[in-house]
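A quick write-up on the structure given underneath.
Bear in mind these aren't lab numbers, they're just calculated from the coordinates by the rules spelled out. None of the values given here were measured: they were computed from a predicted structure. Note that we place each Cβ from the backbone using ideal geometry, even for glycine, and neighbour counts take in every protein chain shown.
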């Protein structure tokens, strides 16, 4: 049987926290190393690590100042902001 090696490509991303995420994380931003492939993977990783209360289905992502689907791939050096649901009037 052939051996299959998997290489996990780590990337460095900057995450900025606002609203409920800032409250739950206790920081405004951080730079971290991650193997997350998509913005959704990163959110799930951070939710588990920091106890974020919102499910991914209620969260939007901004990558490098542009709204992106959670399924979009991340690149080394990206800046990511997760946006909770908001109410306005």
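Some notes on this structure:
- From largest to smallest, the equivalent ellipsoid semi-axes obtained for the stretch 11-83 from the alpha-carbon gyration tensor read 16, 13, 12 Å.
- A full extension of the chain between residue 45 and residue 75 corresponds to an added length of 9.2 nm, given 0.36 nm per residue minus the alpha carbon distance.
- The fewest-to-most ranking of 68, 14 by surrounding Cβ atoms within 10 Å reads 14, 68.
- Contact order relative to length of the chain, as percent, for alpha carbon pairs under 8 angstrom and 6 or more apart: 35 percent
- The long axis of helix 39-50 is offset from the longest Cα principal axis of the chain by roughly 70 degrees.
- When shorter helices are ignored and each DSSP H run of at least 4 residues is given -39500 (n - 2.57), the per-residue value for the chain at 222 nm works out to -6000 deg cm²/dmol.
- The length gained by stretching the chain between residue 60 and residue 8 to full extension, at 0.36 nm per residue less their Cα-Cα distance, is 16.2 nm.
- Sorting 67, 52, 82 from the fewest to the most surrounding beta carbons within 10 angstrom yields 67, 52, 82.
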